[in-house]
Amino acid sequence: MVKRLQTDVLVIGAGVIGSAVAMGLGLKGVDRVTVIDLDLAGEWSSSELNAGGVRATWSQKVNILTSKLSIEYFASIAELIGYRDCGYLWLHRKNSWEQALKGRELHIAHGWPVDVLDVQAIKKKIPFIDKTDDLVGAIFGVKDGLVNPNRLKEHYREEAQTRGVQFVDRMWVTASNAGSLSSKSSKITIKAFQFSDQISSEHKRVLLTQNPETLGDEAGTWIEIETKQVVNAAGAWAPHLAKILGYQSPSTPVRRQISLFHARDLDLTPYGMIVDPSGVYFHPESVYGLSGFCTPGEPAGFDFRYDGEGFFESHIWPALYERATAFESLRHVSGWSGLYENSPDHHAIVGRSHHSSIYEAHSFSGHGVMHSYAVGITLAELMVNSKYETLDLTELSPDRFISGKTIASETWVI
């Protein structure tokens with residue numbers, strides 16, 4: 001037996017972006033908004049498996065302004081979401097210094113405070129960084145910082161739920177009629193399966209890595225959802241969902257690994273995010289240090305394997321060793337891997353899709369958390385009023401890859 005559900009807006013994906021969009025729609029007074037996800041807890045989601053950094057130090061205006069609006073909101077609810085304006089310190093060698101200074105001019109021009117530090121100032125600000133022979137300076141994003149992504153997601157959900165938004169768990173989308181509809185058709189039907197019981201961690205991983213189009217002998221209920229508007233907020237799974245909705249997305253999921261380490265006799269808690277010229281970044285995480293790196297040539301795909309101490313010793317520890325005497329003796333503690341959803345130009349894909357009733361909010365290339373508030377508020381404006389009001393994100397439109405209205409690739413990606 002098929003159960004039927006009707007809603008005005010269906011948001012598919014309940015991570016930090018889908019939850020932010022739900023809040024935005026709730027604030028705009030949309031009556032019937034439903035958010036569905038395979039796992040509301042988000043065990044394998046990019047929202048959970050990330051480093052928690054938030055910054056407006058980007059190379060492109062649209063990303064600066066989107067982060068700026070979001071971080072200003074984070075600062076207004078700092079205690080609720082664990083936001084700290086502890087800064088981002090970008091260390092530079094000679095070959096990248098001129099470009100870094102040009103980037104800083106753009107940040108200042110758009111109202112984001114960024115300091116310039118010489119080597120002596122770096123040592124004064126971060127005393128344990130004592131191996132500086134290869135450095136010429138640093139850029140310090142004063143209001144950049146750290147946030148608790150899970151608490152931020154829960155905040156968005158709570159705000160949405162107080163305005164009547166419904167969140168539905170254990171839902172797996174398998175089909176839709178969107179591909180056969182004309183661009184002006186007002187109703188879209190989504191077919192989904194709702195699992196009866198809680199799904200084990202391994203079962204979720206298999207579903208999310210294999211993306212089956214059909215299900216076997218599972219316990220649950222088939223749901224047919226009729227909606228006026230759909231939001232593809234499926235993160236790394238947005239291209240898979242796009243196919244179900246009848247179009248192609250140019251983004252790809254890519255594994256990113258994060259390590260926790262212990263540095264004896266070094267307290268990292270007074271500091272924020274530090275980005276080494278090698279591409280290795282690190283910041284305090286509870287009593288440990290958290291560090292990550294984009295391994296060259298990482299293949300696209302749904303890969304959640306963490307390569308363990310081997311990854312740490314090959315990619316993280318050597319860079320840290322070359323930066324500070326205190327890092328010469330480190331102990332690997334643990335780690336994990338999550339997924340970036342990378343668009344071709346490393347900008348998010350936000351806006352109306354090929355169909356007038358389908359909208360997109362995904363492919364943030366690792367900066368979804370720090371863009372989430374702005375995207376949630378502005379996409380809701382576009383959906384309700386057919387135009388952006390608070391911030392114009394037209395540059396991020398999904399059709400830019402077809403129309404040729406491309407923007408320069410974002411280069412400050414770590």
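FYI, it's all coordinate maths here, none of it is from the lab. Given the structure is predicted, the values throughout are model-derived calculations rather than measurements. Note that we place each Cβ from the backbone using ideal geometry, even for glycine, and neighbour counts take in every protein chain shown.
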- request: State to the nearest 20 debye the size of the charge dipole of segment 182-240 about its Cα centre, where the only charges are +1 on K and R beta carbons and -1 on D and E beta carbons.
  value: 420
- line: Quick calc, segment 1-98, dipole around Cα centre from Cβ unit charges on Lys, Arg (+) and Asp, Glu (-), nearest 20 debye, gives 320
task: Find the all-direction average of the projected area of the Cα convex hull for segment 225-306, expressing the result in square nanometres with one decimal place.
output: 8.9
field: Part-to-part distance (alpha-carbon centres) for segment 260-319 and segment 66-99, which is given in Å
entry: 18
- request: Would you mind computing, in nm to one decimal, how far apart the modelled labels at residue 31 and residue 269 are, each placed 7 Å from Cα along Cα→Cβ?
  value: 5.2
field: Among 385, 358, 171 - extreme Cα towards positive end, dipole of the chain, charges at beta-carbon
entry: 385
message: As an exercise, use a Förster radius of 41 Å and the Cβ-Cβ distance of residue 200 and residue 333 to find the FRET efficiency, rounded to the nearest 0.05.
response: 0.95
query: Sorted by average packing, counted as other Cβ atoms within 10 angstrom per residue and highest first, what order do 342-355, 103-116, 371-384, 236-249 take?
result: 371-384, 342-355, 236-249, 103-116
task: Only helical DSSP H runs with n ≥ 4 go in: add -39500 (n - 2.57) per run for the chain, normalise by residue count and round the 222 nm mean residue ellipticity to 500 deg cm²/dmol.
output: -8000 deg cm²/dmol
message: Spelling out what I want: for every residue of segment 23-33, take phi, set θ = phi - 60°, compute 6.51 cos²θ - 1.76 cosθ + 1.60 (Karplus), and round to whole Hz; glycine and proline get x.
response: 4, x, 5, x, 5, 7, x, 5, 6, 10, 10
Largest to smallest principal axis extent of the C-alpha atoms in segment 1-155, angstrom: 70, 31, 30
message: Just to confirm the number: angle between the C-alpha axis of helix 61-76 and the first principal axis of the chain, 0 to 90 degrees, nearest 10?
response: 90
statement: Given the candidates 60, 97, 40, the one whose Cα lies deepest towards the positive end of the charge dipole of segment 1-130, counting +1 at each Lys or Arg C-beta and -1 at each Asp or Glu C-beta, is 97
query: For residue 93 and residue 221, what is the calculated FRET efficiency with R₀ set at 45 Å and r taken between the beta-carbons, to the nearest 0.05?
result: 0.20
- prompt: Just going by the charge dipole of segment 130-268, with Lys and Arg at +1 and Asp and Glu at -1 on Cβ, which of 149, 237, 189 is farthest out on the positive end?
  reply: 189
- request: If a/c stays under 1.5 just call it rounded; otherwise compare a/b with b/c (prolate if a/b is bigger, oblate if not). Do that for segment 212-252, with a ≥ b ≥ c from the square roots of the Cα gyration tensor eigenvalues.
  value: oblate
field: Ranked by how many other beta carbons lie within 10 Å on average, peptides 213-225, 280-292, 48-60 from highest
entry: 48-60, 280-292, 213-225
- prompt: Over all distinct Cα pairs, what is the inverse of the mean 1/r for segment 283-369, reported as the Kirkwood hydrodynamic radius in Å?
  reply: 15.8
- prompt: If Lys and Arg each add +1 and Asp and Glu each add -1, what is the summed charge of the other residues whose beta carbon sits under 14 Å from the beta carbon of residue 238?
  reply: -2
statement: Length gained, residue 72-residue 115, 0.36 nm per residue minus C-alpha separation, equals 13.6 nm
query: Which order do peptides 329-335, 172-178 fall in by mean Cβ count within 10 Å, highest first?
result: 172-178, 329-335
- request: Could you list which residues have their amide H under 5 Å from that of residue 175, counting only those 5 or more apart in sequence or on another chain, with H placed in the peptide plane?
  value: 191
message: Working only with C-alpha atoms, what are the Rg and Dmax values of the chain, expressed in angstrom?
response: 21.5, 71
- prompt: Where the only charges are on Cβ atoms (+1 Lys, Arg; -1 Asp, Glu), what is the dipole of the chain about its Cα centre, to the nearest 20 debye?
  reply: 860
Taking the convex hull of Cα positions in segment 69-228, its mean projected area over all directions (nm²): 16.3
Cα-based shape type of segment 87-150, given that a ≥ b ≥ c are square roots of the gyration tensor eigenvalues and the cut on a/c is 1.5: oblate
query: Taking amide hydrogens as modeled 1.01 Å from N in the peptide plane, which residues meet the under 5 Å criterion relative to residue 358, leaving out close sequence neighbours?
result: 230, 353
query: Assuming a viscosity of 1.306 mPa s and a temperature of 10 °C, what translational diffusion coefficient in µm² per second does Stokes-Einstein assign to segment 325-414, Rh being the Kirkwood radius over Cα pairs?
result: 106
statement: Dimensionless Rg/Rh of segment 51-107, both radii on Cα and Rh by Kirkwood, sits at 1.03
query: Long-range amide H contacts for residue 366: which residues qualify at under 5 Å (H placed 1.01 Å from N, peptide plane, sequence gap of 5 or more or a different chain)?
result: 341
task: Take the Cα of residue 79, step 7 Å along the line toward its Cβ, and report every residue of segment 155-194 whose backbone nitrogen sits under 13 Å from that point.
output: none
- request: Figure the gain on full extension for residue 389 and residue 243 (residue separation times 0.36 nm, minus the Cα-Cα span) and round it to one decimal in nm.
  value: 49.5 nm
